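Have a look at the structure below before the remarks.
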Amino acid sequence: MGDELVAGSTYLDGSIATYLDKLAGAEPEPGGGSVAALVGALGAGLVTMVTSLTLGKEKFAAVQGDMTEIQEVAERLRGELGEFVSLDAQVYRAVATAMKLPKETEEQKAERTRVLQAALKEAATVPLRVAEAATQVARLALPAAEKGNPNAVSDAGVAVLLADAAAQSAALNVKINLAWIDDGSFARETWGRVELLLSETARLRDTVLALTYSKL
């Protein structure tokens, strides 16, 4: 994978080593927002793992329906978060491009401001969506820990930790973009949503971890 994504490709199309090398490079993307999405996707994958180790086993017959539903949602979230791994880098790139627009005349300044503000809102919205998806992963980790195969309960615990980390990481990326946005109403509403999500993921983290340790 080169410095730019090939049209239609994503970071997930390459190897883990390639992504890590690019992450550690001098370019500003992929950055923390992309990593937040990746961590959330890993959490979703672990929830699916717990369900996969529970489904089809006679001793867990009573929870087969629940596990099937959890797995379906977890896989949808894993796909969404996987897309955000590359999308976050793309919206950052749009902001960087907007900042380079000419501003020599009043008309150019106005156009640059318009394009930049739109790009910044998108750059704040993507990590918000990552935080929302991560919170859903944390919600799934609770029934996975409660009802899933107890031999995999530690994986449910890791899943909720990753979901919380993803939400917290995404929140930082929301915040840094909101600082540049002129629309105060958008900034307040967006950050208010983030605060609610962080409160929920923190509560779920503590609940699932306590349950996990009690089963180990």
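The values are calculated or read from the model by the stated rules, or taken from the named source; none is laboratory data. Values in this document were obtained by computation on a predicted structure and should not be read as measured data. Note that we place each Cβ from the backbone using ideal geometry, even for glycine, and neighbour counts take in every protein chain shown.
What about GLU107, is it part of a helix (DSSP H, G or I) and either within 28 Å of LEU12 (Cα to Cα) or touching a His at 6+ places or on another chain (Cβ under 6 Å) (or both)? First the steps, then the outcome.
On the way: part of a helix (DSSP H, G or I): yes; either within 28 Å of LEU12 (Cα to Cα) or touching a His at 6+ places or on another chain (Cβ under 6 Å) (or both): no.
No.
Residues of segment 174-216 that are outside any helix (DSSP H, G or I) and over 25 Å from GLY43 (Cβ atoms): ALA179, TRP180, ILE181, ASP182, ASP183.
The set of residues from segment 92-116 being β-branched (Val, Ile, Thr) and under 17 Å from ASN177 (Cβ atoms) comprises VAL95, THR97, THR113, VAL115.
Taking the criterion of being among the charged types (D, E, K, R) and either within 11 Å of the chain's Cα centre (by Cα) or at pLDDT below 95 (or both), the residues of segment 105-137 that qualify are ARG129, GLU132. When ALA26, ALA17, ALA37, ALA44 are checked against the criterion of being surrounded by fewer than 23 Cβ atoms within 10 Å (Cβ to Cβ), of a type in the set (Gly, Ala, Ser) and not in a loop (DSSP other than H, G, I, E, B), ALA17 stands alone in meeting it. Within the set ALA62, ALA94, ALA41, the sole residue that is under 19 Å from the mean Cα position of the chain (by Cα) and either touching a residue at least 24 places away in the same chain (Cβ under 8 Å) or within 28 Å of THR212 (Cα to Cα) (or both) turns out to be ALA41.
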